[in-house]
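Since every read-out is calculated from the coordinates, none of them should be taken as a lab result. These numbers come from a predicted model, not from an experiment. Positions of Cβ are generated from backbone atoms using ideal geometry, with glycine treated the same way; all protein chains shown enter the neighbour counts.
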Amino acid sequence: MLNLKIIIASTRPGRKAPSIAAWFTEIAKKHPEFNVEVLDLAVINLPFLDEPEHPRFQKYQHQHTKDWSATINAADAFVIVTSEYNYGYPATIKNAIDFLSKEWQYKAVGFVSYGGVSAGTRAVQMLKQVITAVGMMPISEAVHIPAFTKHIDESGKFMNDPGLDKSADIMLDELFKWATALKTMRG
Ligand SMILES: Cc1cc2nc3c(=O)[nH]c(=O)nc-3n(C[C@H](O)[C@H](O)[C@H](O)COP(=O)(O)O)c2cc1C
């Protein structure tokens, strides 16, 4: 079994991310090879990067960084659930990534993105550039949800969709392959 952490990127009050993350998490928990944990950046509540040293030295001064480091260290793979803000990723996910360095290295990443016509794909393309700087491996299989609000019912539940459910399963299988291979690269 590998440890999959699902990171919820958006943090604003009234955000839709939890609906989408709950749908994806239910599918991920059925995957036989992953232990799944959700990391909600709104709950983790990191401040703007406030460590004086470069994270590669791991000389963290703050308890919130030490906790975040331990959480990310324990992961074998990630799925980042992200919205698209102004054609890019939410600043909260960039900040959460910048806090650490080695903890992310040689770990595979899949994406669940959502938005209007772009389905959040511009945010994902920008995120791929960032995550490779800390040695993460983005996989190309992904779940991109255009016009995502049509999938959310009046109670706020994201409704299952055969096409999206299948995309999620395909991504998880591929993520497991990459995560297994990359584990051998970590000391
Ligand atoms: C600051 C801001 C910028 C946005 N920019 C985009 C955008 O570039 N592309 C897009 O498809 N949707 C955009 N939207 C609409 C979002 O897709 C929509 O609000 C979505 O619910 C955001 O995710 P969240 O609710 O989890 O925060 C934007 C929303 C906000 C609040």
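Mind listing the long-range amide H neighbours of PHE34? Cut-off is under 5 Å, sequence gap 5 or more, other chains count too, H placed in the peptide plane at 1.01 Å from N. Counting only residues 5 or more places away or on other chains, the set is LEU2.
Proximity of backbone amide H atoms, modeled 1.01 Å from N, is registered between ILE6 and GLU37, VAL38, LEU39, VAL79 at under 5 Å, excluding neighbours fewer than 5 places apart on the same chain.
Taking the chain as a Gaussian network of alpha-carbon nodes connected by springs under 10 Å, the highest mean-square fluctuation of the residues ILE131, ILE170, ILE72 belongs to ILE170. Per residue, the chain reaches -11500 deg cm²/dmol at 222 nm when only DSSP H runs of four or more residues are counted, each adding -39500 (n - 2.57). Neighbour counts of C-beta atoms inside 10 Å place MET126, MET171 in the sequence MET126, MET171, starting with the fewest. With 20 Å as the limit, write out which pairs from LYS107/LYS177; LYS128/LYS166; LYS29/LYS157; LYS5/LYS59; LYS30/LYS166; LYS29/LYS150 have Cα-Cα distances beyond it, or answer none. Over 20 Å Cα-Cα: LYS128/LYS166; LYS5/LYS59; LYS29/LYS150. Its alpha carbons give the chain an Rg and a Dmax of 15.7, 48 Å. Counting DSSP beta bridges with both partners in the chain, what percentage is antiparallel, nearest 5? For the chain, the DSSP antiparallel bridge percentage is about 10. Loop-located chymotrypsin sites (Phe, Trp or Tyr not before Pro) in segment 25-71 (DSSP state other than H, G, I, E, B) with a sparse environment of at most 12 neighbouring Cβ atoms within 10 Å: PHE48. A simple spin-label model places pseudo-atoms 7 Å from Cα toward Cβ; at GLU141 and GLU33 they are separated by 0.8 nm. Of the GluC sites (Glu not before Pro) in segment 128-187, the ones in a loop by DSSP (not H, G, I, E or B) with at most 14 other beta carbons within 10 Å are GLU154. For GLY115, the residues whose amide H sits under 5 Å from its own are GLY120, ILE145, ALA147, PHE148, ignoring neighbours fewer than 5 places away on the same chain, with H placed 1.01 Å from N.
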